[in-house]
Amino acid sequence: MLKPVRFVSRNARLPIIRSRIAAFVLSTLLVVGSLVAVATVGLNFGIDFKGGILMEVRTPAPANISELRSSLNGLGLGEVSLQEFGSERDVLIRIQRQSGDEAAQIRATDAVRGALGAGVEYRRTEFVGPTVGQELIESGALAVGLALLAILVYVWFRFEWQFGVGAVVALSHDIISTLGLFAVIQHEFNLATVAAVLTIAGYSINDTVVIYDRVRENLRKYKQMPLADLFELSVNETLSRTTLTSGTTLLALVAIYLFGGAVLADFALAMIWGIVIGTYSSIFIAVPLLLYIGLRRGDERTEADAVPEYERAEREG
């Protein structure tokens, strides 16, 4: 009979909680570095946010995206993005906003028409101005903020407010570090990346809630166990599930990143980083934070309960 695959043993006893100070220092450096990178280098916003030209075309035969991209990149129009949608003949072309007035934008569309040749049906041509791009940036930030607020309220009602605070701090850590990554490597940040950030938040909170559920179960089961020891036990008991879930998801995302083409590359990269950092924060940030924000088990809780056995032994020894 085949044994189940496990990245981590079910009986693992890794020193996760006792390593919390090192994890907090690492995360603080990561968050501060990300904020500095976003403030100084800035994000490389795509056409969705910067504005530009949007053209929807239908080719007479199934579109060869690689050939079309090569033809349009040779026009000197700057950033050009092509995306197949609907049928194999429908292509969405995004071109960065050209320097100059409306006449410059029209010259760019004329150049694209000349490069695509005869037989192509132009179903839509739009000019996206910087005002619309600014509105999209604000809407994206609002979507992320509301998602965090909704998660805080959900975890608060399902557990206690301390769990909600821990979850939101961990999620904020994941989102800020993702923005920092894109600021450092200067990959395009577009609407697909915003969708990836929201997906990261949902995935990360799923991992966190699973661990929190085990913490709550163990709080009822081990009424005399010090909190630090109980947290470490809870994380280790769910570690196999957490690593297996993240590992299998990463396999799919790596395949998308390598073989999904340029359109999906930025989305997949954001998701890969988000899964890794989200798993890390669920284990090393969300749970250890509970030691510092006043989680109580009942009337019998005292501050001494929060001191783990290994620290108490060192003090008494």
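Summary table below
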item: Calculated from backbone phi, Karplus (6.51, -1.76, 1.60) coupling profile of segment 100-108 in Hz, x at Gly/Pro; result: x, 8, 4, 4, 5, 5, 5, 4, 5
item: Segment 87-138: C-alpha gyration tensor shape, a/c 1.5 cut-off, then a/b vs b/c; result: oblate
item: Amide N proximity, segment 265-297 versus LEU14 label position 7 Å along Cα-to-Cβ, cut-off under 20 Å; result: 272-291
item: Debye, to nearest 20: dipole size of segment 52-128, +1 on Lys, Arg Cβ, -1 on Asp, Glu Cβ; result: 40 debye
item: Long-range amide H partners of VAL128 with built H, under 5 Å; result: GLY52, ILE53, LEU54
item: Relative contact order of the chain, defined on C-alpha pairs under 8 angstrom at six or more residues apart (%); result: 25 percent
item: Span from the segment 35-50 Cα centroid across to the segment 181-256 one, whole angstrom; result: 27 Å
item: Computed [θ] at 222 nm, helices only, for the chain once each DSSP H run of length n ≥ 4 contributes -39500 (n - 2.57); result: -21000 deg cm²/dmol
item: Label-point gap, in nm, between THR40 and ASN64 - each point 7 angstrom along Cα→Cβ; result: 4.6 nm
item: log₁₀ of I(q)/I(0) at q = 0.08, 0.09, 0.10 Å⁻¹ - the chain, Debye sum with one point per alpha carbon; result: -0.49, -0.59, -0.69
item: Calculated FRET efficiency for the pair ARG220/ASN73, C-beta based, R₀ 45 Å, to 0.05; result: 0.15
item: Farthest toward positive dipole pole in the chain [+1 Lys/Arg, -1 Asp/Glu at C-beta], among ILE285, LEU35, VAL57; result: ILE285
item: With Cα atoms, 0 to 90° folded angle of helix 161-185 axis to the chain main axis; result: 40 degrees
item: 0 to 90° range, to nearest 10: angle between helix 227-259 axis and the chain longest Cα axis; result: 20 degrees
item: Amide H within-cut-off set for GLY46, under 5 Å, with H built and near neighbours excluded; result: PHE189, ASN190
item: ALA141 paired with ALA104, simple spin-label distance in nm, labels 7 Å along Cα-to-beta-carbon; result: 2.6 nm
item: Theoretical FRET efficiency, 1/(1+(r/R0)^6), r = Cβ-Cβ of ASP90 and VAL210, R0 25 Å, to 0.05; result: 0.05
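Here, each number is a calculation from the coordinates, and none is a lab measurement. Because the structure is a prediction, the values reported are computed rather than measured. All Cβ positions, even for glycine, are placed from backbone atoms using ideal geometry, and neighbour counts span all protein chains on display.
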